[in-house]
Amino acid sequence: MSNASSRYSVLTAAHWGPVLVETDGNTVFSSRGALPTSHPNSLQTVVRDQVHSKTRVRFPMVRKGFLASPECPQGVRGQDEFVRVSWDEALDLIHAQHKRIRDNYGPASIFAGSYGWRSNGVLHKAATLLQRYMALAGGYTGHLGDYSTGAAQAIMPYVVGGNEVYQQQTSWPMILEHSDVVVLWSANPLNTLKIAWNASDEQGIAYFDALRKSGKRLICIDPMRSESVDFFGEKMEWIAPHMGTDVALMLGIAHTLVENGWHDEAFLARCTTGYEIFADYLLGVSDGTAKTAEWAAEICGVSAVNIRELAAIFHQNTTMLMAGWGMQRQQFGEQKHWMIVTLAAMLGQIGTPGGGFGLSYHFANGGNPTRRAAVLASMQGSLKGGTDAVDKIPVARIVEALENPSGFYQHNGMDRHFPDIRFVWWAGGANFTHHQDTNRLIQAWQKPELVVISECFWTAAAKHADIVLPATTSFERNDLTMTGDYSNQHLVPMKQVVPPRDEARNDFDVFATLCEHWEAGGYARFTEGKSELEWLETFYNIAGKRGASQQVTLPPFASFWAENTFIEMAEHPANAQFVRFADFRRDPKANPLKTDSGKIEIYCQRIAGYGYADCPGHPTWLAPDEWHGNAEADQLQVLSAHPAHRLHSQLNYSSLREQYAVAGREPITLHPRDAQARGIANGDTVRVWNQRGQILAGAVVTEGIKPGVICIHEGAWPDLDNTVGGMCKNGAVNVLTKDLPSSRLGNGCAGNTALAWVEKYTGPALTLTAFDPPANS
Ligand SMILES: Nc1nc2c(c(=O)[nH]1)N[C@H]1C(S)=C(S)[C@@H](COP(=O)(O)OP(=O)(O)OC[C@H]3O[C@@H](n4cnc5c(=O)[nH]c(N)nc54)[C@H](O)[C@@H]3O)O[C@H]1N2
Ligand SMILES: Nc1nc2c(c(=O)[nH]1)N[C@H]1C(S)=C(S)[C@@H](COP(=O)(O)OP(=O)(O)OC[C@H]3O[C@@H](n4cnc5c(=O)[nH]c(N)nc54)[C@H](O)[C@@H]3O)O[C@H]1N2
Ligand SMILES: [Mo]
């Protein structure tokens with residue numbers, strides 16, 4: 001037992017910001033945010049649960065039917081027992097099967113795309129390290145795009161010349177000074193700013209707080225009254241369209257602008273191309289249907305009066321349209337952000353301080369001004385003399401690839417064929433929670449000859465693997481991180497807090513060891529002869545060089561590392577004045593965008609030339625396969641927003657679950673009208689189902705959601721009960737979602753496109769097993 005006096009705090013950082021972890025060097029006692037804040041972040045408080053969870057993978061484990069005959073495995077993934085093996089046995093087994101598959105089927109048969117949010121840190125990047133090993137071994141199939149913005153990041157380069165979703169925004173000081181109206185369009189910053197891809201700099205919510213106190217007009221357009229609407233309280237007007245209908249709503253607003261002569265013809269002529277073709281569609285010249293406010297109201301469920309009012313407000317004021325990404329994680333998702341740019345272009349405010357559109361205010365604290373910074377370098381997946389990805393598939397098309405080897409598909413103007421995947425290795429991602437239509441995934445998952453999962457926890461993917469390798473958490477190793485994906489506000493040491501639990505190893509060490517199996521000297525090739533701390537020193541020294549050009553000087557690595565404190569970078573007054581597209585607006589000829597025309601493309605010849613019915617040449621209202629407009633009797637639209645107290649599936653096992661679970665399950669939010677019609681009361685266990693699967697969830701009945709829509713947050717771990725028709729006992733929403741691409745342009749994740757039925761659950765009591773490790777483990 002440790003007494004309080006032997007306890008001390010170690011500074012480290014997670015996606016959810018810098019944290020101080022209280023430990024005695026073996027046990028974690030508590031943790032808290034390390035930055036001063038008035039908006040505490042729940043995710044920072046559960047390091048103890050992470051490190052000491054009963055659901056940790058403790059030893060290397062192999063599926064029994066696989067171990068019996070690895071070249072011709074028996075049994076069914078996900079239903080078989082696991083057997084404990086030594087690390088040496090596990091790595092020998094992986095090496096032999098990897099070599100056999102590579103020799104027989106070539107590098108494209110090995111999928112190491114391994115998408116996922118892993119843990120932050122510039123060295124221990126699970127998927128990158130996997131890819132580095134595969135590069136040494138001769139190549140692999142990787143992935144294109146991501147689940148987050150698959151649709152928007154594909155279309156934005158055609159429209160404005162960059163992806164916009166991962167780029168710095170007009171700075172917050174400009175917004176606070178110049179905007180009159182701020183619109184949160186499909187954005188819930190109060191939840192989503194709790195994390196960043198690096199570590200959060202934690203400034204975004206403070207800026208939204210300043211906005212709350214600013215007296216500006218604030219509007220949120222979202223089928224759900226999100227935490228953000230609650231945060232703004234009476235100061236925020238909430239407008240709830242049907243899910244998936246935002247393009248119609250925006251067209252109605254755009255039509256009203258034209259009706260009143262409010263569209264900015266000078267801006268459209270000077271800074272955009274193709275408006276006339278779009279206008280023919282908007283006004284009904286090309287298809288006989290004028291996209292009036294009344295037309296839009298029918299589709300989106302927001303009244304025509306309201307739509308016209310929005311047009312007037314946007315036109316009369318300096319308006320910033322802050323768009324999130326939930327609405328583009330849908331079938332035809334590309335149209336959403338294309339139409340929002342088009343609307344902003346018609347308003348003529350793009351490139352002004354405080355006006356236009358911004359696609360990343362809700363993510364990684366976009367708009368927090370970029371500092372004068374010494375920015376860390378990080379580990380790369382390529383290595384000298386190695387072979388990088390020999391093929392890449394759109395990340396969210398993995399199940400189709402498994403189902404349809406060598407099958408034809410189209411992607412972003414390219415005609416391609418899927419590889420024949422025989423070996424899948426996932427490290428740092430939770431694909432059984434993140435991918436749509438879990439039951440279809442489970443079927444397809446039986447196809448490869450070998451599935452290896454590197455994990456800290458017994459996720460559903462681990463339970464469906466052949467070989468599971470225990471990984472350290474970021475608290476069991478040394479690393480470094482920046483905060484703020486855009487601001488580079490801090491450089492933070494991530495010092496090891498406790499030794500690795502049980503037999504957990506760093507992914508870095510595992511892949512380095514396997515490289516030695518691959519070739520004599522492979523370990524040294526992978527590591528370049530450097531230890532963990534030597535790599536960190538290298539990345540730090542590169543930061544020092546980068547910083548020098550910005551007049552930033554770092555202390556020597558040794559003294560920095562001994563200090564246990566972060567470095568805050570200096571403010572950059574000019575960056576605090578940054579206005580996105582300002583140069584372009586001032587002189588579009590001298591500062592053209594990186595589009596074909598150099599202007600904002602409202603009609604895009606190149607996209608039109610692809611001839612994709614699911615992504616035409618200008619923003620278009622297209623009715624999705626599953627939505628309000630074609631719902632069968634009693635069907636509801638399924639919204640799978642991002643959770644407040646998790647990062648996707650990360651921390652679902654933690655004590656934070658007690659704050660949100662209802663009836664021991666993932667909550668489902670539904671409107672009183674929909675609840676009463678089904679005899680459902682607050683707190684009831686309900687069954688939610690459709691043709692793809694069924695889940696149990698706990699009812700939260702509230703006026704804070706559009707009637708006809710239910711919300712089940714993404715990321716609950718699948719926990720399928722084979723005795724009751726594959727019922728998911730934990731409430732994993734992707735059991736219900738449809739696995740279809742946003743379009744042939746982006747092939748993005750469309751997890752927000754699904755209909756389902758809901759009823760009060762009256763079946764047998766089912767015990768949750770999501771977080772139980774398999775027997776013998
Ligand atoms: N229906 C629906 N589905 C969605 C979404 C949605 O909105 N709706 N959102 C999508 C989006 S935007 C995203 S980004 C994805 C997120 O999908 P993921 O990024 O796959 O989700 P995470 O839960 O963050 O999974 C990270 C995994 O890495 C593991 N891990 C952490 N650190 C390490 C490490 O050091 N080594 C190893 N080996 N493993 C580690 C964690 O235990 C965890 O299981 O989900 C997508 N899915
Ligand atoms: N706490 C926490 N923060 C996170 C994450 C997390 O899991 N937890 N995930 C991180 C990641 S990887 C990403 S990609 C981002 C995701 O950021 P987003 O994609 O912006 O987050 P979502 O919650 O999916 O969607 C934002 C809002 O869009 C609304 N919405 C959904 N469909 C529609 C629609 O058809 N129309 C309109 N108008 N609104 C709609 C939802 O109700 C939700 O309130 O968040 C990041 N931040
Ligand atoms: Mo994401």
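Can you go through E632, E703, E714 and tell me which one is over 27 Å from G429 (Cβ atoms) and either within 13 Å of ligand 2 (Cβ to nearest atom) or touching a His at 6+ places or on another chain (Cβ under 9 Å) (or both)?
E703
Taking only region 639-649 into account, find how many residues are more than 12 Å from ligand 3 (Cβ to nearest atom) and either among the aromatic types (F, W, Y) or not in a loop (DSSP other than H, G, I, E, B) (or both).
1
Of all residues in region 166-176 being part of a loop (DSSP other than H, G, I, E, B) and touching a strand residue (DSSP E or B) at 6+ places or on another chain (Cβ under 9 Å), which is surrounded by the most Cβ atoms within 10 Å (Cβ to Cβ)?
Among those that are part of a loop (DSSP other than H, G, I, E, B) and touching a strand residue (DSSP E or B) at 6+ places or on another chain (Cβ under 9 Å), it is T170.
I need the helices (runs of 4 or more DSSP H) fully contained in region 293-357, keeping only those with at least 1 residues that are surrounded by fewer than 22 Cβ atoms within 10 Å (Cβ to Cβ).
Per the criteria, 293-300, 304-316.
For the subset of region 474-497 comprising residues that are out of contact with any Phe, Trp or Tyr (no Cβ under 9 Å at 6 or more places or on another chain) and not acidic (D, E), which member is farthest from I542 (Cα to Cα)?
Of region 474-497, the ones out of contact with any Phe, Trp or Tyr (no Cβ under 9 Å at 6 or more places or on another chain) are 474-476, 479, 481-482, 484, 487-489.
Imposing the further condition that a residue be not acidic (D, E) reduces the set to 474-475, 481-482, 484, 487-489.
On the way: S474: 22, F475: 24, T481: 13, M482: 13, G484: 18, S487: 18, N488: 15, Q489: 17 Å.
The residue in question is F475.
I'm trying to understand the selection: among the residues of region 456-504, which are within 16 Å of ligand 3 (Cβ to nearest atom) and touching a Lys or Arg at 6+ places or on another chain (Cβ under 9 Å)?
Listed by number, the list is empty, since nothing qualifies.
Need pairs with beta-carbon distance below 8 Å; first residue basic (K, R) and within region 628-649, second buried (at least 20 other Cβ atoms within 10 Å of the Cβ); sequence gap 6+ or separate chains.
Close Cβ pairs satisfying both conditions: R646/L43; R646/N652; R646/H713; R646/G715.
Can you name every residue in region 652-687 that is in contact with a His (Cβ under 8 Å, 6 or more places away or on another chain) and either crowded, with 24+ Cβ neighbours inside 10 Å or free of Cβ contacts under 8 Å to residues at least 12 places away in the same chain (or both)?
Listed by number, the list holds a single entry, E666.
Looking at A770, A756, which is the one that is under 24 Å from the mean Cα position of the chain (by Cα), away from ligand 3 (no atom under 16 Å from the Cβ) and assigned to a strand (DSSP E or B)?
A756
Those residues that are of a type in the set (S, T, N, Q) and either within 16 Å of ligand 2 (Cβ to nearest atom) or under 22 Å from C615 (Cα atoms) (or both), I need them from region 155-181; list them, please.
Within region 155-181, N163, Q167, Q169 meet the criteria.
Only residues that are free of Cβ contacts under 8 Å to residues at least 60 places away in the same chain and either of a type in the set (D, E, K, R) or surrounded by fewer than 21 Cβ atoms within 10 Å (Cβ to Cβ) (or both): list them for region 413-447, please.
Here is the first cut: in region 413-447, the residues free of Cβ contacts under 8 Å to residues at least 60 places away in the same chain are 414-418, 443-444, 447.
Passing the criteria: M414, D415, R416, H417, Q443, A444, K447.
Could you tell me which residue of region 234-270 is nearest to ligand 3 (Cβ to nearest atom), considering only residues that are of a type in the set (A, V, I, L, M), in contact with a helix residue (DSSP H, G or I) (Cβ under 8 Å, 6 or more places away or on another chain) and not in a helix (DSSP H, G or I)?
The qualifying residue nearest to ligand 3 (Cβ to nearest atom) is M243.
Quick one: which strands (runs of 3 or more DSSP E) sit completely within region 464-508 and have at least 2 residues that are within 30 Å of E81 (Cβ to Cβ)?
Per the criteria, 467-470.
So that you can scan it fast, the table gives a plain yes or no per residue for (1) assigned to a loop (DSSP other than H, G, I, E, B); (2) in the same structural domain as F457 (by TED's automatic domain parsing); (3) within 16 Å of ligand 2 (Cβ to nearest atom):
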site	(1), (2), (3)
S114	yes, yes, yes
W117	yes, yes, yes
A127	no, yes, yes
Q131	no, yes, no
T141	no, yes, no
Q153	no, no, yes
V183	no, no, yes
A187	yes, no, yes
L190	no, no, yes
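On the basis of being within 14 Å of ligand 2 (Cβ to nearest atom) and in a strand (DSSP E or B), does T737 make the cut?
no
The values are calculated or read from the model by the stated rules, or taken from the named source; none is laboratory data. Every value quoted in this text rests on a predicted model; they were computed, and no experiment measured them. Every residue, glycine among them, receives a Cβ derived from its backbone with ideal geometry; neighbour counts consider all protein chains shown.
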